[in-house]
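Following: one structure in structure tokens, then a few remarks.
The values are calculated or read from the model by the stated rules, or taken from the named source; none is laboratory data. Keep in mind it's a predicted model, so treat the numbers as computed, not measured. Cβ: placed from backbone, ideal geometry, glycine included. Neighbour counts: every protein chain shown. Side chains included, ligands, DNA and RNA excluded: accessible areas come from the protein's heavy atoms. Shrake-Rupley method; radii C 1.70, N 1.55, O 1.52, S 1.80 Å.
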Amino acid sequence: MKKIILFLISILISSISLAQTSGTPSQAKQFLKLLTGKKEIRDLALYSVLSNRCSRYMPQDKKNPCKEAVAKMVTLLDFDIILTDNITSPNDNWSPSSFVFVAFKSNLLVLLNTKKTTQYLKELNEELSLYLLGNNQDFNLWTFTKSHFKTDYLSSLVIAAFFQDTSIQKLHLAYLEYTSLSGGVRFIENKELLSRVIDTFNLILDASDDLYKPVFYPKEIRDHLSKGIYHYYVPMFISNSLKSGGTKDEFAFIAPLLLTLTYEFLTSANDYRFLFLDPLKLNDTDKVKDIFAGYCGANFGLRGLNFNKSFESIRGRFSISTEKAVQMLIKH
């Protein structure tokens, strides 16, 4: 999820650049402060960038349903960004170098106040610790989570909300601390348990590919997935949730795929040239791996493993033409 965080901030900064082309840097920074305080403007900025890809890649009769799915997804993300610099200072030299972030905010708060979460997190940390010690080698996060929450929808929601940032910063937990959002004793216990689980995650992620891939991914696709597990599980939850809310499978899949594609395109250059345009081709293997993860996750949320799982064919298409690669992805 951390890259999506940076993606959202990039969109905010890019929106400033587009809206303030004749203004001063001081005005742009003031506008950034406004954006980070106004959810409606943030949501609109994200929607405009994503819906632009609906217009580009979908046939005429599917543009509007695609945009409707994107709008629902933006609402579903339920995100908040807070710059932790002294943003009330009149000094124009500040920069947004420090921030806290949360996605799926309402769901995260509900889960942390739930009794079932306590048992899940305790058992999860125990199982992960056993795995690290060389025991329980068949352990898998998805299988374990589903044994607790039963449905694909709830299981993907839990993983997406709890593990949206597995970096050492744990930005979603830092957000809770910074905003003083809390609950009773159960909330505090669950938050501490979640922090410990993420620490254990990182012991596994930092060890070796042989350790982390079997734990976090299905065997059929794990060879080409990276340590950023949010690339896979966040699109999975989004597609599953959109479907559960009545969105047709085709658009429930395309919306989170466009979120992944847009971020990877935007960050493939050092400036913001690909905010609304796309690179003609993409040869960065790491970026194609992240796209592949989002593609797999969004698909898995709808149809299990019944999709094109050939990473090499997707990478090959991107090396020739981004447009042809995207067209191939949205049809599978």
Please work out which residue is nearest to ALA325 (Cα to Cα), limiting yourself to segment 256-289 and to residues that are aromatic (Phe, Trp, Tyr) and open to solvent by less than 50 Å² (accessible area, probe 1.4 Å).
PHE265
Taking segment 196-226 and keeping residues farther than 14 Å from TYR131 by Cα and either open to solvent by less than 30 Å² (accessible area, probe 1.4 Å) or not in a helix (DSSP H, G or I) (or both) leaves ILE198, TYR217, PRO218, LYS219, GLU220, ILE221, LEU225, SER226
List every residue pair whose Cβ atoms sit under 9 Å apart, with the two residues 6 or more apart in sequence or on different chains, where the first one lies in segment 149-166 and is in a loop (DSSP other than H, G, I, E, B) and the second, anywhere, is among the charged types (D, E, K, R).
GLN164/LYS2; ASP165/LYS2; THR166/LYS2; THR166/LYS227
One residue is enough: does segment 228-244 have a residue meeting the conditions more than 25 Å from LEU109 (Cβ to Cβ), open to solvent by 30 Å² or more (accessible area, probe 1.4 Å) and touching a helix residue (DSSP H, G or I) at 6+ places or on another chain (Cβ under 9 Å)?
no
Where in segment 1-110 are there helices (runs of 4 or more DSSP H), lying wholly inside it, with at least 2 residues that are modelled with pLDDT under 75 and either touching a strand residue (DSSP E or B) at 6+ places or on another chain (Cβ under 9 Å) or surrounded by fewer than 19 Cβ atoms within 10 Å (Cβ to Cβ) (or both)?
2-19, 25-37
Looking for whichever is of a type outside the set (Val, Ile, Thr), touching a residue at least 40 places away in the same chain (Cβ under 8 Å) and more than 24 Å from ILE320 (Cα to Cα) here; the options are GLY304, GLY228, GLY246. Which one fits?
GLY228
Mind checking which pairs have a first residue in segment 192-217 that is farther than 22 Å from ASN113 by Cβ and in contact (Cβ under 8 Å) with a residue 12 or more places away in the chain and a second that is in a helix (DSSP H, G or I) and basic (Lys, Arg), Cβ under 8 Å, 6 or more apart or different chains?
LYS213/ARG222; PRO214/ARG222; PHE216/ARG222
Search segment 161-178 for residues being among the hydrophobic types (A, V, I, L, M, F, W, C) and open to solvent by less than 20 Å² (accessible area, probe 1.4 Å), and hand back the single one that is nearest to VAL100 (Cα to Cα).
LEU171
Do you know which residues across segment 296-313 are within 20 Å of PHE251 (Cβ to Cβ), in contact with a His (Cβ under 8 Å, 6 or more places away or on another chain) and open to solvent by less than 10 Å² (accessible area, probe 1.4 Å)?
GLY297, ASN299
What pairs come up if the first residue lies in segment 171-188 and is touching a residue at least 60 places away in the same chain (Cβ under 8 Å) and over 16 Å from THR117 (Cβ atoms), the second is aliphatic (A, V, I, L, M) and assigned to a helix (DSSP H, G or I), and their beta carbons are under 8 Å apart, counting only those six or more places apart or on different chains?
LEU171/ILE5
